[in-house]
Structure formats: C-alpha cells, structure tokens
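Heads up: the structure comes next, in structure tokens.
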Protein chains: 2
Amino acid sequence: MNEQDFLAGYDPSAYPSTAITVDVVALTIREGALHLLLIRRGQPPYQGHWALPGGFVQPDEDLTTGARRELAEETGLGGDRLRRVHLEQLASYGAPDRDPRMRIVSVAHLAFAPDLPDPVADSDADEAGWLPVTALPSRQLAFDHARIVDDGLERARSKLEYTPLATRFLGPEFTIAELRGVYETVWGHPLHAGNFHRKVLSVPGFVESTGGNTERGGARGGPRARLYRAGDARLLHPALLRPAREETVR
Amino acid sequence: MNEQDFLAGYDPSAYPSTAITVDVVALTIREGALHLLLIRRGQPPYQGHWALPGGFVQPDEDLTTGARRELAEETGLGGDRLRRVHLEQLASYGAPDRDPRMRIVSVAHLAFAPDLPDPVADSDADEAGWLPVTALPSRQLAFDHARIVDDGLERARSKLEYTPLATRFLGPEFTIAELRGVYETVWGHPLHAGNFHRKVLSVPGFVESTGGNTERGGARGGPRARLYRAGDARLLHPALLRPAREETVR
DNA sequence: CGGCGTCCCTCTCAGGTTGAGAATTACTCT
DNA sequence: AGAGTAATTCTCAACCTGAGAGGGACGCCG
C-alpha cells in the first residue's frame with residue numbers, strides 16, 4: 001500500500017500516532033577544545049541524563065526552521081548571533097524503540113557555532129551547557145543520542161575537508177593560525193603550519209584578506225598576523241584532505 | 001514522579017501527530033543511461049504524475065527497513081537480487097505544505113541497483129517503470145520529488161568519488177571498462193581510459209582480480225578483458241575526483 | 001633595555017599523483 | 001586478410017603534498 005491510497009481511504013488520525021522531533025548537534029570551540037551543547041533532562045524518561053537540545057516540530061514550520069528555533073531557545077540567543085551559526089540537516093533516526101513513550105522519528109541537525117555564551121536554563125529549569133566532546137558521558141546520553149553525536153562528529157570532520165565551514169567556528173575576522181586551530185581541534189591532530197597556510201591561500205574563495213593585522217602578536221610572542229574573512233566559495237576545490245589514517249574498515 | 005508512572009500516564013495523542021513516509025530514489029544503469037524507478041499515480045493529488053516509490057513506515061520497522069520493503073514491493077524483487085542493492089538514507093523533507101492533504105515528513109533514501117527487470121504493476125495497478133533521468137518529466141513529478149531526485153543524483157555523483165559503490169550498479173564480476181562506464185554515465189562525461197584503469201587498480205581494496213577473462217572481446221573488437229569483483233574497502237583512499245567543473249553554487 | 005623564545009609567513013626540495021597522449025597487442029567484423 | 005576497436009601499459013610534464021628550514025616581528029622576563 002502506498003501513501004496515496006492510504007490517505008484516500010483512511011482517516012489519518014486513526015493511524016498509530018507518530019511524532020516528529022528535531023534534535024541539534026551543536027558544536028563550538030572553547031579554549032581549544034570541541035564542545036557540544038547538551039541539556040540535562042529534568043523529567044523522565046532518562047531523567048538526569050544529558051540529551052541533545054530538540055523538540056517537536058511546530059505544525060507550520062519547516063524542519064530546519066524548527067531546528068533553528070530549538071537552538072535559539074536553548075542557547076537563549078537570537079538575531080545576529082544566531083544568524084552566524086551554520087545549520088544543516090544531519091540524518092533522521094527512527095528505530096521503533098528509540099523512545100520508550102511512543103514512536104518518535106527525530107530529524108537530527110548539525111550546527112557549527114562561534115564561541116557563544118553559556119546557555120541559560122529554560123522554562124523547565126533543565127540544566128544546559130557546553131560540554132567538551134572528549135570526556136562526554138557517552139553511556140549516559142539519553143535515547144540514541146550518543147549515536148547521533150558520533151554521526152555528527154564524523155560529518156563535521158568530513159565537512160571541513162571540502163567546505164569552508166571551518167570559518168563558522170570563528171568570528172567575522174580571523175587569522176590563518178586560528179583557522180588552523182579549528183582544523184586541529186576538530187580533526188584531533190596537529191597540522192603543518194607552513195603547508196596549511198600555503199593550502200588555504202591557494203584554494204580560490206576560501207578566505208580573503210581584510211588588509212588588517214591583529215593588534216598584538218601571540219600571547220607568547222611572534223609577529224602580528226594578517227586578518228582574513230570567509231570567502232564566497234561554498235566548496236573547496238581542491239579539498240583539504242585529512243591526513244590518511246589507518247581506518248580502512250575491512 | 002518516576003519513569004514508570006510517567007510512562008503510564010503519558011498520552012501520545014497530546015502531541016501533534018504527523019505522518020512519516022519513506023521514499024526511494026532508486027538508480028540503475030540500462031543501456032548506458034542512468035534510470036530512475038518511478039510510479040505513475042493513479043489517484044489525486046497529482047493523478048497521472050510520476051512519483052517516487054514510497055509509503056508509510058510500519059509501526060515496528062526501522063526507516064531503512066521500510067525503504068527496503070517499499071523497494072521490494074515496487075520492483076517485485078526479493079531475496080538475493082534485492083540483497084545486492086545498496087540502500088542508504090538520503091535526507092528528510094518536511095516542508096509544511098509539501099503534501100496538500102496533511103503534514104507528511106518523508107525520509108528519502110537512495111538506492112544503487114544492478115540492472116533489474118521491469119517492475120510489475122502493484123496491486124493498485126499503478127504504472128511503474130525505470131525512466132532515464134535525462135528526459136525526466138521534471139515539471140511533472142509529484143510533490144517535491146523533483147527536488148528529492150536532484151539531491152539524490154548529486155549524492156550519487158559524490159558517492160562515486162569516495163566510495164566503491166559504483167560496483168553496486170554492476171553484477172558480481174565486471175571489467176574495468178564496465179566500471180568506467182558507470183562513472184561516465186553517472187558523472188555525465190567521458191573519462192580517460194588509461195588513467196582510470198591505473199587509478200582503479202592503485203586504490204587499495206577497490207577491486208580484486210578474479211583471475212578470469214571475458215568470454216569474448218568487445219562487440220566491435222578488442223581483446224578479452226580481465227574480470228574483477230568488488231574489493232573489501234568501504235572508502236576509497238585516495239578518492240577518484242571528478243574532473244573539476246566550474247564552481248557549482250547550488 | 002636586551003636576550004630569548006615564539007610564531008607568522010615564505011621558501012625549497014623530494015616524492016607522489018594526475019592529465020594527456022601514445023604504443024602494444026588481442027580481438028571482431030567484413 | 002585487412003580495417004577498426006578496445007584493454008592494458010608506458011611516458012612525460014604539470015601539479016600537489018609533506019617535511020624541513022629560515023627570516024624576521026614580537027612578547028616576556030630579567
């Protein structure tokens with residue numbers, strides 16, 4: 001039976017109820033470490049566990065709009081601050097038993113944010129905060145959120161290779177070294193500063209010079225660095241490839 | 001309130017209910033052209049228009065399971081034939097007005113199939129068939145399916161770069177030239193035969209030799225080709241890159 | 001203020017990969 | 001048998017990458 005026939009002949013409300021939620025894997029970089037926005041649940045199920053921010057999609061809103069709204073609510077941000085956050089759909093999760101209450105399909109989203117202030121507790125008085133992804137209480141994440149986080153992290157690592165989205169973790173102006181720091185943090189290992197510099201400047205549309213310099217050198221010395229802003233490319237050609245790892249799943 | 005009490009008193013119908021469907025962008029290669037599985041709708045809305053195969057997710061099945069079931073129903077296939085089809089989640093589509101009847105979120109999937117027999121009309125007597133993707137009646141696809149197909153095609157082109165999934169369009173044994181044909185068909189332009197050959201054999205785990213040869217040379221001459229089967233790599237390192245096109249801003 | 005260490009930015013060089021063309025050889029078709 | 005086709009291998013120049021090094025600007029500490 002397909003959807004058309006079903007709808008033509010049956011009352012939709014008679015069908016077993018299914019709900020749609022959006023969840024957000026929101027990443028940012030704080031103090032050189034990758035952080036994830038999590039909410040501590042104040043109510044069952046999984047009371048006291050950390051969970052991804054999210055909630056039901058409103059009847060009149062698109063999936064991505066819903067995700068952005070949830071992100072705004074949980075971070076307490078709005079306007080310009082939120083507009084600089086990159087948001088994209090990640091994947092949907094719909095195992096029949098993933099939520100003990102009822103059938104819930106979650107459309108997960110992935111967000112890259114510049115360093116944001118600590119979130120404020122929402123109306124349910126749930127605790128919320130940015131937690132470093134190393135040291136995640138992985139066994140204690142609610143529902144299947146550990147899996148969603150894993151998928152989001154892998155997607156983030158991959159996106160940095162072929163898109164300029166690393167700039168979304170930074171402010172409007174940044175140095176090449178700061179950009180390198182994003183890659184090193186997300187990928188989890190150091191990069192060759194000279195080669196990275198050469199590569200970034202050689203990819204058309206990745207960054208463009210503002211003409212300015214930092215006010216000071218680095219905290220421990222070094223010259224003032226040139227400032228750049230994000231270019232207009234949507235894709236990096238050629239891509240920045242992650243150093244080859246011994247992954248080869250066999 | 002503990003979790004048991006909470007679940008006992010939980011009323012699912014208190015939350016906005018939305019229907020969930022799975023749709024499948026199923027691709028195959030016939031006579032050197034990329035084909036897409038479509039169903040002609042027998043009832044309104046969009047009566048007479050072509051639509052992606054799909055339907056409601058059953059209460060007890062996972063999203064991907066539902067997609068595989070729909071694909072089996074629409075192609076009339078099962079067992080081994082279907083097991084060789086690659087199926088993955090593509091994206092979810094949930095604009096509030098994408099279906100005129102009610103709020104329906106569709107979790108779209110992407111399938112790569114070897115050449116399959118023509119589908120049989122299902123119980124509703126809707127027409128079904130493999131249509132070449134060039135010459136698609138793009139304005140006549142139902143709902144937002146044209147958009148879903150576009151996304152699926154782009155994903156397919158991209159997947160061929162960094163995964164060995166091109167082999168899923170072929171039988172268990174194939175020649176390098178047949179594999180090159182898959183790439184040329186999906187990417188839409190010819191590749192350098194010598195370079196492709198060198199590259200495929202140099203990527204670890206992409207293909208492995210069966211030791212055999214084709215029975216005959218090509219239809220218009222040429223030597224017998226060596227036969228290969230898919231290797232055990234899940235990812236291609238280094239990837240086969242598409243020839244650089246002019247910056248594609250979607 | 002002067003010395004030391006840091007770090008931005010550039011350069012070099014060897015090794016690997018790619019794109020383009022071509023040679024070799026084994027076939028099919030007429 | 002001859003012409004044409006295509007699988008496979010080679011060559012070569014251009015490009016890209018990883019690794020190391022050096023010049024020079026700058027902060028910190030004594």
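Evaluate the following for A:THR214: is it near DNA strand C (Cβ under 9 Å from one of its atoms) and away from every other protein chain (no Cβ under 14 Å)?
So A:THR214 passes the test.
Out of all the residues in the stretch A:214-248, which are in contact with a Gly (Cβ under 6 Å, 6 or more places away or on another chain) and either assigned to a loop (DSSP other than H, G, I, E, B) or within 11 Å of DNA strand D (Cβ to nearest atom) (or both)?
Matches in the stretch A:214-248: A:PRO223, A:ARG224, A:GLY231, A:ASP232, A:ALA233.
Quick one: is B:GLY211 farther than 30 Å from A:GLY205 by Cα, outside any strand (DSSP E or B) and more than 10 Å from DNA strand D (Cβ to nearest atom)?
no
For the stretch A:112-123, indicate whether the set of residues that are on the phi < 0 side of the Ramachandran plot, surrounded by fewer than 20 Cβ atoms within 10 Å (Cβ to Cβ) and touching a His at 6+ places or on another chain (Cβ under 7 Å) is non-empty.
no
Which of (1) within 12 Å of DNA strand C (Cβ to nearest atom); (2) open to solvent by 30 Å² or more (accessible area, probe 1.4 Å); (3) within 27 Å of B:GLU88 (Cβ to Cβ) is the odd one out, the single condition B:ALA219 does not satisfy?
(3)
Go through the stretch B:69-81 and give me each residue that's surrounded by 21 or more Cβ atoms within 10 Å (Cβ to Cβ) and among the acidic types (Asp, Glu).
Within the stretch B:69-81, B:GLU70, B:GLU74 qualify.
Considering (1) in a loop (DSSP other than H, G, I, E, B); (2) more than 9 Å from DNA strand C (Cβ to nearest atom); (3) free of Cβ contacts under 8 Å to residues at least 24 places away in the same chain; (4) not small (Gly, Ala, Ser), say which one A:GLU184 fails and leave the rest.
(1)
When only residues in the stretch B:24-68 that are among the small types (Gly, Ala, Ser) and open to solvent by 10 Å² or more (accessible area, probe 1.4 Å) count, which is farthest from the other protein chains (Cβ to nearest Cβ)?
B:GLY32
Which fully enclosed strands (runs of 3 or more DSSP E) of the stretch A:79-150 have 3 or more residues being among the β-branched types (Val, Ile, Thr)?
Those strands (runs of 3 or more DSSP E) span A:103-113.
Any residue in the stretch B:29-50 that is touching an Asp or Glu at 6+ places or on another chain (Cβ under 6 Å) and over 24 Å from B:GLU154 (Cα atoms)?
The answer is yes; a qualifying residue exists.
Can you spot a residue in the stretch B:231-248 that is more than 14 Å from chain A (Cβ to nearest Cβ) and either farther than 27 Å from B:THR134 by Cα or at pLDDT 95 or above (or both)?
Checked against the condition, which is being more than 14 Å from chain A (Cβ to nearest Cβ) and either farther than 27 Å from B:THR134 by Cα or at pLDDT 95 or above (or both), the stretch B:231-248 yields no hits at all.
Among the residues of the stretch A:193-208, is there at least one that is among the polar types (S, T, N, Q), under 29 Å from A:PRO117 (Cβ atoms) and either open to solvent by 20 Å² or more (accessible area, probe 1.4 Å) or within 15 Å of DNA strand D (Cβ to nearest atom) (or both)?
No: zero hits.
Would you be able to say whether some residue in the stretch A:150-162 is within 16 Å of DNA strand C (Cβ to nearest atom) and of a type in the set (Phe, Trp, Tyr)?
Scanning the stretch A:150-162, I find at least one residue that is within 16 Å of DNA strand C (Cβ to nearest atom) and of a type in the set (Phe, Trp, Tyr), so the answer is yes.
The values are calculated or read from the model by the stated rules, or taken from the named source; none is laboratory data. Every value quoted in this text rests on a predicted model; they were computed, and no experiment measured them. Heads up, the Cβs are rebuilt from the backbone with ideal geometry, glycines too, and the neighbour counts pull from every protein chain shown. Side chains are part of the model used for accessible areas, which takes the heavy atoms of the whole protein and leaves out ligands, DNA and RNA. Shrake-Rupley method; radii C 1.70, N 1.55, O 1.52, S 1.80 Å.
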